Structure formats: C-alpha cells, structure tokens
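These notes concern the structure reproduced below.
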Amino acid sequence: MRLARLDLVRYGKFTGRTLHFGARPVGGPDLHIVYGPNEAGKSTAFSAFLDLLYGIRATKEPNYAFLHPYPTLRIGALLELAGGDRELVRIRRAQATLLDADDRPLDEGLLAAELGGIGRDGYRGMFSLDDESLEQGGEEILASRGDLGRILFSGSAGAAGLSQALEAMREEADRFFRPGAHKTRLNELKAELDALKAERDATDTQAAGHKRLVDERDRAAAAHDAALKARGDAGVRRDEIARLLGGLPLLARSRSLHDALGPLRAMPEPPAGWSAELPGLERDEVRLGTELQAVRREIEALGLERDAIAVDEAALGCGDAHDALAGLRAAALTAAKDLPRRRPSLAEAEGAVAAHLARLGRPPGTDPDAVALPAALVGTLRELIAERSGVAARREAARLELDTATGDLSAARDALAAAGGAAAAPAAALARLAGTLEAARQADPAGTLRSADRVRAAAEERLAEALRALAPWRGGAEALAGLPLPAARDAEAWASEAAEAEAEAQRRDGEAGDLALDRDALRAQVDALGRVAGPIADAEVLTLRAARDRAWAAHRGRLDAASAEDFEDALRRDDAVAAARFGQAAEVARLREASVRLAELETRLRGAGDRAAAARRRRAAVDDAVAAAAGRLDPPLAGPPTPAGLVAWLARTGPALRAREEARTALEACRAAERDVQDWRDRLAGALAEADVAHDPAGALDGLAGAARAAGAAAAARGALATEFAGAERRLAERAAAGARAEAAETAWEERWAAACRAGWLGETGTEPTPAAVGEVLEVLAALAPDLRTRADLGHRIAAMEADEARFAARLASLAARLGLDAASTGDPAAVLQLDAALERRIREARAAQAARNACAARLAEAEARHARASAAAAGNRARGDVLRAFFGVDTLAEAGARLTLCAERDRLAGEAAALERDIRTSLRVPDFAAAEALLDGLDAAALEAERDAAEGRYAAADGELRTHHASRVGAEAALDAVGGDDAVARMEARRRAVLLDIEDQARRFIKLRGGIAAAELALAAYRDRHRSALLAKASEAFATISRQAYTGLAAQPTDKGEVLIAKARAGGTKQAGDLSKGTRFQLYLALRAAGYHEFAATRRAVPFVADDIMETFDDFRAEEAFRLFAGMAEVGQVIYLTHHRHLIDIARVVCPDVRVHRLDEAAASGEPT
C-alpha cells in the first residue's frame, strides 16, 4: 500500500486541504517530509490517515470535530493498492463509512486485505514512531535485561511495553503464591479461614446461657432508669432553690436604686447632646475673650509702626527714568571695557593693508581700491590657470596614444599573417556545421541512450524482483502473462470468508472453553452443596420415597415382624431426609437452581461446539476452492496456499505484470535511442565533409562532435584576428585626430591668457606674466580684501562706542539735577559710573521704605479682619450659652454643667434599676417584676440554704447509683453482644464460604497468569529462532549506521538464562543491550524498528511508515544518520517524516537529494503546492 494523495476535506482544523505525495520515484527512495510549525496540523494529518484506514472514531482527546461536527467529517485519498490505484473516501456514520469516488459503499475487506489483518493499534505500534514511543522503546531494552527474543520482538513489532507487561503479570502471580514465600495472598486467606474457625468455636453458646444474659441486661437497664429519674428530681429542686437565693440580693439592690432616684425625678429632661456641647462652649468663651484682647493690642502696635516709616518721594519719582537707562548703561560699560582694545587693533589693520600694497609692488600711499581687479576678470584668470595643466596633459597623452596605436596595428598585421590571412572555409558550410553540432548537443542522443539503458536495467531488475516476490511460483514473465489467474474479488471473497470462518471457530472455541469452565465450577458447587446438606437432592428424596412406598406395600402384603421392621426403617430414613430438607430449605433451593443452570450450560456448550465445527467446515470449503484455483496454475505453486496467501500472491502479480510491461517499454526505448545515435552520427559526418574538415567517417559520435568543435574554434580564431586588425587601423586614425585636437586647444588657451592679462594692470609692462606669477598676485589680493574690511569695521565700532558714552552721561546729569546731586564731572567715565551708583542707592532706599510701609498696612488690615471674626464668634457663643442658662434657670455655664451631671446620674440609676428588674424576672421565670417581688418577699434565706444542701446530697447519692447501674448495664450488653445471637454462627459460615470462593477465583487467575507467561516466553523464543538471522543482520547494519560506526554491529550471546543481545564497539569491547547509555538505547531501538520494517516489506507489500518529530533532541550528526536509515526504509516502502524544524529539511537533502518536502505552514496554506 502507498499513499499518493491525502484529501483533508473536513477534518480537524482543515477544510479542503490536500497533500500530494505523487507517484513512487523510479529507482530512488520514497521519502517525504511534511513540514509545518507547531499547531500546523501534522499529527492531525496522520490521525486522518489512520481514520481513513480504520474508520473515524468519536474521541474526547484528541477531538478532531471542534471545527466540523462529527457527522460532517470527510477524508479522501488516492491509495496505490495491489489491485491498482483506488480513490477512497471515509465519512462518519453508523455503517458503510468507506466509499469510492462516487460515494458508493465499499467493502472494508478491501483495506483489511492490504493491511494483512493489522488493526489500528497494531499499525501505530509497527508503522509509526514518535518521541514518546522512541523513549519507551529505549526503556523496554533496559527492562528486558538484554533478552534477545524480547528485544527483537519489541523492536520489530513496536511493542514497547512487553517487558513491563510480563513483569507485571509475574509480580501479580507471585503476590498470590510463590514457593517458599510466607507473605502471599493465599497464606493470608488461609489465616483468615483459621481465624474464622476459632471465632466460631468461641461464639457457639447454648440457648440457656443466652437467656440468662438477656435477663441480666434487662435488670441492669431498669435499675439504671430508676437511678436516672431520682437524680433528675434532686437536680431540679436544687436548681430552683439556687435561683431563689440568687434573686434576694438583686431585689434589695433594685429597691436601693429606686430610693436614690427619688430626689432626682423632678429634674427637667435636657435635649440630647448638651452634655457634650457644654465643655466646648466653656472653652470657646475663654479662648475668644483672650483672642479679642490680643488682636486689639496688635492693631494699636501696627498703626504706630506704619506712621513711623518715612518715604523719599523725589527718589521714587526718578526710579522709572533711572530704570530706563539699563540699555545705555550696558552700552557705556561695554565701551569703557572695549575702547582701550579696539584702538590698537585699528592701528594693526592699517599696517596690514600697507604691507599687502608693498608685496604687490605699489608705492606707499597708493589707494587700495586702485589695485583691485574686477571679480569677472579674477574668475577668468583662475579658470585659465586651472585649464593650463589639463591642456598640457591632453596634448602629451594624445602623443603617447598615437605611438601605442601605431605599435598595435603592426602587431595585428603580423598575427593575421601568421594565421594564414583572412582566408577560411565557406561561411555557409561552417554555419551548417555549427547548427548541426548545436542541434546534436541539445538533442543529446548519447545521454538519452545512457538514460534509456539505465531505465531498462532498473526495469529488468524490478521485474526480476517482482518475479522473486512470487515465490514459491518459479515461472517467467511471459509465463505469468499467460496464467489463468483467479479474479481478485474472488480471492478477496475467499480470504474474507476464511478469516470470518477462522474467527468464528476461534470465538466459538473460546466460548466453549469459558462455558466448560463455568460448567466445571457449577458441578463443583453442586457437589459441595450435596456434601454440606447431605442427601437432600430431589433425586435422592424420590429414591427414598420410592423405597418407603415399596416397604409399605410389602408390609401390607405380608404383615409380619420383618416387613414391619423394613417399613419402619424406610419410614425413619424418609422422615430424616424430610427433616433435613426442611432444615436446609435454602440449600435445597440453591441446589435446584444450580442443577437447572448446569443443564443450561451443557446445552450451550454443545451448541458452541456445533457452531465451531460448522465454521471449520466453511473454512475447509474455502481451502478446497483455493487449492482448486491454485491447481490451474502452470507452473504450479509449490503447495496449496492459504486464502490470505493467495490474495497476497495475486496482489504481487499485479506489480510483476506492470514490471513486465515497463521492461518491454524500456527495451523499446533503448533500441530507439540507439537508432537516434546512428542518425545523428551520419548527419554530423555529412556536415564535416561539406565544410572540408578532416575527420574519420567511421568514427563515433563523440569523435565527430570533437572534430566539429575544433573546426569551429579555428574559424572563430581567424575571424577574431581579422576583427582585431581592423580595429587597430581604426584606433590609429582616431589617435591621430585626437593629437591634432590637443594642439589646437593649446593654441586657443594661449590667446585667451594674453587677452585676460591685458584687461587689467597685470599687462601694463607689455609682457604677459606666467600663470604662477598671476596666481601669487591673486592670493595677495584675496588676503588684502579681509584686512580692508577689518579696518573699516573697527573705525565704525569705535565711533559708536564713544557716542553711547556721551548719551549715558547726559541722561545721568539730568536725573542728578532733579535730586540735587553734583554732576559737574560727567566727562570722566569713572565719575559717571560713581554718579550712577549714587542715584541707584537713593532710589533703592526710597523703594524699600515704600515696601515696608505697604507691608505694615497689609498686616494692619488683616488684624482688623481677625478682630471682626472673633467678635462675631464671641457673640454666637454667648447666645448659645444663654439658651442653656435659661433652661436650668442659672446664671453661669458652670451651674448649667452641674445640672446636666445630675440629669445624667438620674438616667444611669433608672437604667440600672430596669436591668436588675429584667434579670430578676428572667432568673425566676415569672411574667413581670411584681410577681417576682411577691415570690421573694417573705422568704427565709437560711431555710432555703438548708433545703439546697439536702437536695445536693440527694443528687450526689443518686448520681453514684446511676454510675454503678450504668456499668452493670454496659457489661451485660457487652456479654450479650459477645454471644452475637443465634445467627452469629451462620454469618461466620457465610464469611468462610466467601473466603473459599475468593481463593478459588484468585487460584484460577493465578493459573491463567502462569500459563500466559509461559506461552509468551515460548512465543518469544520461537520468534527469536525464526527471525534471528535476517532481522539481527539488518538491525546490526542499521545500528552501525546510526551510531556513526561507534558500534560495528550486534550479536547474540548464549547465557545460562538464554540468549542476550550485545553491541560490538569499534574499539573492540562489547556491551549488553541493557547496559548501553540512554541515548544509545534510543539509537538501538530505532535500528530495530528499521530492521523490522525491512523484514515486513520482504515478505508482503509494504505500508506507509510515519515518524513524528523523533529528532527533537538529536544533534545534526545523529539526525543525518537517522535520515540515512529512513532513506534505506524508503527504498522498500513509503516513509513520511513530520517535523516543525526547518533545518532538518537541509540535513535530509544532504542524505537524500530526492526527498520530497510538503509544507503545512501559512505560505503553503495560501496556495503554494504541497
């Protein structure tokens, strides 16, 4: 089986998604990588493939119906089966879920035959691998302790938990029974039986003893109840006296409180909150009086302080004008600092200008503006100076290039003459030769022949392999084509019928075995009931009854002493049985029920045997039909095949017949390629002859092509030399013209230079200066211009500073006159600054006095506002105090406070009195306080205390008797419970029988476990013997590959406990499989799985092998070797690797360049091919 395409129509997260795996590669590995990030759906795709093969299951985890409901799920595929390619569809419904491309139901046997009966779990175990199963496989190798059979079976079949399962079965069996062991379940159950027997012996008491214990218990209970009533009566009276004694002092306290309340009842009831308000009113009265006095004193002091401050009004009037002088003051200060420096700088600038004029050769006193040149003229001169070097360089370069071109032309002429001149073969003939050679190269007949030959060899090898796969049939391809093969559907029907019949026979055999075990158990139960109850079975009763009737009939006929004794004896036995049956009625009913069930089991057992025999007859009929079909083959098969074997053999005939057709087609293609090679050889030889090229007319195609290529190269070389000669002539003419242009450019420059010099004073002498001299003059003129600008700038600045100083002095003199200050020396800058400082100080003092007077006035206004607020608060406080004083009719707040205290005391006493009355009424359990007073008045406390002491004595005596009678009652009940009543022995017997049944059930389980362990070990030994050579050899080769030759292979080593698997290290040592490191055990398990897949593919048609990201922890080297193993497996079947690691794709392509990559990422989902 091979998966060519998987259609995820509606499944999991997919909708309308298709994975195209394409046709199987010819002559290469069928290896595929499905790449996608996490959650892209790789594992979902594998689950969809399994659901396609085995049906869609409704599972909670994982749930693939989260996007599409289960009834709408649909999976499609193109499968390459033994009978040809089939389009299949799988949907979710109750039945007929496998459909063809037209949604017509298909038989599930179609896939079952291809899978060879392998179920879903078997497929997962044998033909898939993930990180978890790889780790479990490594742990299985460790758990097997190196056992060869277990390791080979678990590795090839994917049964990673085999050792754990066998060990668990063995431990379970040993827990029930193990020779020499003491702590086993069987010993515990036996000890429980012994304990039940001892308990029964101790409990079995006579009825008289039981009656005595019951009487003792009843007497103890009656005495206990009487003592309990006496203690209760004494306690009730004691508590009642205690309440009365407790109420007497409370009543006295209540009456004293009412006496204290008498003088206070006439006090008025003040509003709530006055008691809390009064202290605040008193505090505010004192605080506000004090505050008013302090504020009045502060107002008087601030008025005197304000009047004492004098302000200079004249200075204040000049303040704004003086502030406006800030800008002139800064300018004057700057001038005072800068003028001493600026005047020497102006003298230096004038000296620099004179020096520049001297360098230009101009006499002293010359106007600097007279030596300046126009800007346009300066630009022209600079441009001509810059062009001079380029003009001279171009003239020299033109001369050198002309000399070079002359030499090149001479060399080209000599080379063309040496090659034979421009003469060559006819151009048309050479062109036809080149065209023929190019067409032959593109057609590549030799390559086509080699490819066809490889295809033919591969096809013949596949044909031979396909014919070998038909063993034990030994015919050839043509014989196979002529065989009268039975129809595939007939063979599949036989295989299906045989499998169903075999399964039916096995099922019926298993059913019969279970029924036989149940029958034997029921027989044992019937026998046990007969032994326990005696002769109480219906058959025995009837027998005794018949014997009694015969004795009676004999006695009536004879009426003698002997017959009377016989009848008496028979009657006594019948009465004994009747009495026994009456006493064992339950056992009789169970015995009858067990007998009916036993008869039913016997009938069902016979029916199961009959149905098993019928199934075997059906299987025999199928075998006869298969043998007849196999007998019509010529040459015949070595022996009659099984139905499944015939189906598998017929499935292998299809590839063989296709391989025959492919081999015939490849042979025809090879012969056509040979004819094509001869045709191209003839065409190339004709073209060579036409072009007059020397060649061997009978030579091979490659030799003729080489001669054609050489002729083309020679003609191309001659053409290149002729082209070079023509180019050399053209370049010589171009260099001569360039030389003439360079000389003309130099002449034109000299004329422009002379005109520029004459345009200024540079040409006054009548001779043009050199470009170097003119360059020096231009540099001096460039340096003169900034010095001229500096001189003019310094003169302007000095004049401005002197003007600023004069204006500042005049403004200060005007302000000084207004204030009566002396301003006679304003011509001196230092005196001017002193006058400015005096004016500033006078104005600052006046402004400070004004600010102090304003601040004092503000404080005075704030104090007057506070005085007004305090006066208003004092008036409000007096008004509130008047209300309290008027209410109590007193003159001061202190007297009002005393009245409030008396009111509070009155309320406290009234509350306490009410609480006492409530407590008295509650304690004495009377409806009101008047009833309580009536009850307590006239009581004698001393008499009550004496009565209380007497009641306490009666209570203590009754309590002692109660304790004594309680102990007697408990002892009597315990003694009676120890006897357990008349049914205790029956309960113990029931428990004993339950323990016996438990022993029986666990013994059966023990036998099954031991038998299963023995059968598994025998099967593993048989598997080891059958597969040791081929599987071990293939696993050894794979292990050497994946370990990168760190281990050279595997071997079997006999020990006293059987054969173990050992690994042979490259250094020469060996290790048992269980002693390998964890990572190496993983490698060994992967090698065993690869070997198992090769062995499976060698005996039947391979199925796809799927590995899900097992290289999560592999380094690049281990990953490369793992892909090498997968590539080897892909040579015999289809291998699909699922991963989310992109770098593994590059590693796989290094190992297997033909690997196919299918993407499940977003780019592929958007439309790229997968």
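Only residues that are β-branched (V, I, T), assigned to a helix (DSSP H, G or I) and surrounded by fewer than 18 Cβ atoms within 10 Å (Cβ to Cβ) were counted across the range 1098-1150, and they come to 3. It is to be established whether one or more residues within the range 662-676 are part of a helix (DSSP H, G or I), under 30 Å from Q506 (Cα atoms) and at pLDDT below 85. Among the residues of the range 662-676, not one is part of a helix (DSSP H, G or I), under 30 Å from Q506 (Cα atoms) and at pLDDT below 85, which makes the answer no. The set of residues in the range 54-77 being crowded, with 18+ Cβ neighbours inside 10 Å and in a helix (DSSP H, G or I) consists of Y54 alone. Within the range 618-667, restricting attention to residues that are of a type in the set (D, E) and within 26 Å of D85 (Cα to Cα), the residue that is nearest to the chain's Cα centre (by Cα) is E662. Here R730, R709, R741, R735 are screened, and the one residue that is closer than 21 Å to A439 by Cβ and charged (D, E, K, R) is R709.
Results for (1) within 30 Å of A315 (Cβ to Cβ); (2) within 60 Å of the chain's Cα centre (by Cα); (3) at pLDDT 85 or above; (4) assigned to a helix (DSSP H, G or I), shown as yes or no for each residue.
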{"position": "L812", "(1), (2), (3), (4)": "yes, no, no, yes"}
{"position": "T826", "(1), (2), (3), (4)": "yes, no, no, no"}
{"position": "L860", "(1), (2), (3), (4)": "yes, no, yes, yes"}
{"position": "S871", "(1), (2), (3), (4)": "no, no, yes, yes"}
{"position": "R880", "(1), (2), (3), (4)": "no, no, no, yes"}
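Within the range 1093-1108, being within 33 Å of the chain's Cα centre (by Cα) and within 14 Å of A1033 (Cα to Cα) holds for one residue alone: Y1093. Note on the range 108-157: residues that are among the β-branched types (V, I, T) and modelled with pLDDT under 80 amount to 2.
Entry remark, the range 451-478: residues being assigned to a helix (DSSP H, G or I) and either crowded, with 20+ Cβ neighbours inside 10 Å or among the aliphatic types (A, V, I, L, M) (or both) number 12 in total. Of the residues in the range 78-89, none is in contact with a strand residue (DSSP E or B) (Cβ under 9 Å, 6 or more places away or on another chain) and either in the same structural domain as A495 (by TED's automatic domain parsing) or in a loop (DSSP other than H, G, I, E, B) (or both). Scan (1) in a loop (DSSP other than H, G, I, E, B); (2) under 22 Å from T97 (Cα atoms); (3) among the acidic types (D, E) for the single condition D51 breaks and write down its number. Evaluating D51 over (1) in a loop (DSSP other than H, G, I, E, B); (2) under 22 Å from T97 (Cα atoms); (3) among the acidic types (D, E) leaves (1) as the failure. The residues listed here are A742, A756, A722, A738; of these, the one that is in contact with a Ser or Thr (Cβ under 9 Å, 6 or more places away or on another chain), in contact (Cβ under 8 Å) with a residue 12 or more places away in the chain and part of a helix (DSSP H, G or I) is A756. Of everything in the range 917-944, what is acidic (D, E), at pLDDT 80 or above and in a helix (DSSP H, G or I)? Give them in sequence order. Residues satisfying the conditions are E917, D919. Taking the criterion of being without any contact (Cβ under 8 Å) to a residue 40 or more places away in the chain, outside any strand (DSSP E or B) and either under 37 Å from the mean Cα position of the chain (by Cα) or over 16 Å from L3 (Cα atoms) (or both), the residues of the range 90-100 that qualify are R92, R93, A94, Q95, A96.
Scanning the range 7-26 for residues that are in contact (Cβ under 8 Å) with a residue 60 or more places away in the chain, over 13 Å from D51 (Cβ atoms) and among the β-branched types (V, I, T) yields T18, V26. Within the range 89-123, the set of residues being loosely packed, with under 11 Cβ neighbours inside 10 Å and of a type in the set (A, V, I, L, M, F, W, C) comprises A94 only. Only a single criterion out of (1) farther than 30 Å from G475 by Cβ; (2) at pLDDT below 80; (3) of a type in the set (A, V, I, L, M, F, W, C) is not satisfied by A638, namely (1). If you go through the range 871-917 and keep only what is under 25 Å from H258 (Cα atoms) and of a type in the set (V, I, T), you end up with just T901.
Restricting the first member to the range 111-130 and to residues that are not assigned by TED's automatic domain parsing to the domain that holds E80 and hydrophobic (A, V, I, L, M, F, W, C), and the second to residues that are outside any helix (DSSP H, G or I) and buried (at least 19 other Cβ atoms within 10 Å of the Cβ), the beta-carbon pairs closer than 6 Å and six or more apart or on different chains are M126/G158; F127/V1103; F127/F1105; L129/A1107; L129/I1110.
Please verify whether A816 is over 30 Å from E348 (Cα atoms), out of contact with any strand residue (DSSP E or B) (no Cβ under 8 Å at 6 or more places or on another chain) and without any contact (Cβ under 8 Å) to a residue 12 or more places away in the chain, treating the condition exactly as stated. Spelling it out, it is not the case that A816 is over 30 Å from E348 (Cα atoms), out of contact with any strand residue (DSSP E or B) (no Cβ under 8 Å at 6 or more places or on another chain) and without any contact (Cβ under 8 Å) to a residue 12 or more places away in the chain. Restricted to strands (runs of 3 or more DSSP E) entirely inside the range 1000-1083, those with at least 1 residues that are over 26 Å from E132 (Cα atoms), modelled with pLDDT under 80 and in contact with an Asp or Glu (Cβ under 9 Å, 6 or more places away or on another chain) are 1047-1055, 1058-1065.
The values are calculated or read from the model by the stated rules, or taken from the named source; none is laboratory data. Note that the coordinates shown come from a computational prediction; the quantities given were computed from them, not determined experimentally. All Cβ positions, glycine included, derive from the backbone under ideal geometry; neighbour counts span all protein chains shown.
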